[in-house]
1. Peptides 86-97, 260-271: what's the order by average Cβ count within 10 Å, highest mean first?
2. Could you work out the relative contact order of the chain? I mean the mean sequence separation of Cα pairs under 8 Å and 6+ apart, divided by the number of residues, in percent.
3. Between residue 79 and residue 54, what's the calculated FRET efficiency when r is the beta-carbon distance and R0 is 22 Å? Round to 0.05.
4. Based on the Cα coordinates of the stretch 159-267, what is the per residue volume of their convex hull in Å³?
5. Ranked by Cβ crowding within 10 angstrom, fewest neighbours first, how are 249, 170 ordered?
6. Which value, in Å³ per residue, describes the convex hull spanned by the Cα atoms of the stretch 190-248?
7. Provide the packing ranking of 13-21, 179-187, 60-68, 140-148, i.e. peptides ordered by the mean count of other C-beta atoms within 10 Å per residue, highest first.
8. For 238, 208, 285, which order do you get if you count the other beta carbons within 10 Å of each Cβ and list the fewest first?
């Protein structure tokens, strides 16, 4: 058993992606507007203490040279992939990119843009496999104006290539999804339990105390059919003392696989906005096939992992 105390990574750090692979935790993050880093630790509580490795630095003067947001490290079909949003310094030009590498801390190279044929604004892309098929899910605009962020899905031919039109799965509709303008659904992450597929996503403005987690559940057979999804009417994870604006999560387990853990960012002080975010983690449980995240654990409280 190991101990850990939040925050795992201090201010300022956000949009955490953590994965457990071959007994080690890999934490992928972006810095300096244009570089992607990966840390490796034997214990989840040490991801912010070990020396990270820079695996990719963007070249200057391209359409993908700046504003690197929310990178995710995946191992799909025997390939190491990093998905990350980037632009040329103008937010309206944000698109999703795929990087490829020979190992999680080896140098990564740009493969190209991951886009559906319409090629609209896109951030927070993630890939997942369900019943033998690969899908890409991201947050995007309906057109070319920043009025609302929706969640979109498309099929993939391989970890680098979308092979169909995008489909809108959901848009901000409840009051708890519409705090701040533009209204926001973003940061989707797949969570599968006993064959039940969930997409846990972040809602409301990430700069507000009311940033929180919502969830879609596949209740039908086809992930590409919006009618086969059901949206939870209430948020699953919301603000608490020393944890304001909790959101943009990823999921991992204890080293022995017996415990499920959520990794997310939050602010210790109300009203801190983007500048006060730090990386947290806590164990979560299940009610049948439905995740139960509970209340954010206060900063400084000791937790135990199997």
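Just so you know, all these numbers are worked out from the coordinates, no wet-lab data involved. The shown structure was predicted, so the numbers you read here are calculated from the model rather than taken from an experiment. Cβ sites come from the backbone with ideal geometry, for glycine too, and all protein chains shown count toward neighbours.
1. On the way: 86-97: 18.0, 260-271: 21.0.
By packing density, highest mean first, the sequence is 260-271, 86-97.
2. Result for the chain is 16 percent.
3. Working: r = 20 Å, r/R0 = 0.93.
About 0.60, to the nearest 0.05.
4. 143 Å³
5. Working: 249 26, 170 20.
Ordered from fewest to most neighbouring Cβ atoms within 10 Å, 249, 170 come out as 170, 249.
6. Working: hull volume 5.4 nm³, N = 59.
In the stretch 190-248, the Cα convex hull volume per residue is 92 Å³.
7. Details: 13-21: 21.7, 179-187: 20.0, 60-68: 15.7, 140-148: 14.1.
In descending order of packing, they fall as 13-21, 179-187, 60-68, 140-148.
8. Values: 238 22, 208 17, 285 11.
Sorted ascending by nearby Cβ count, the order is 285, 208, 238.
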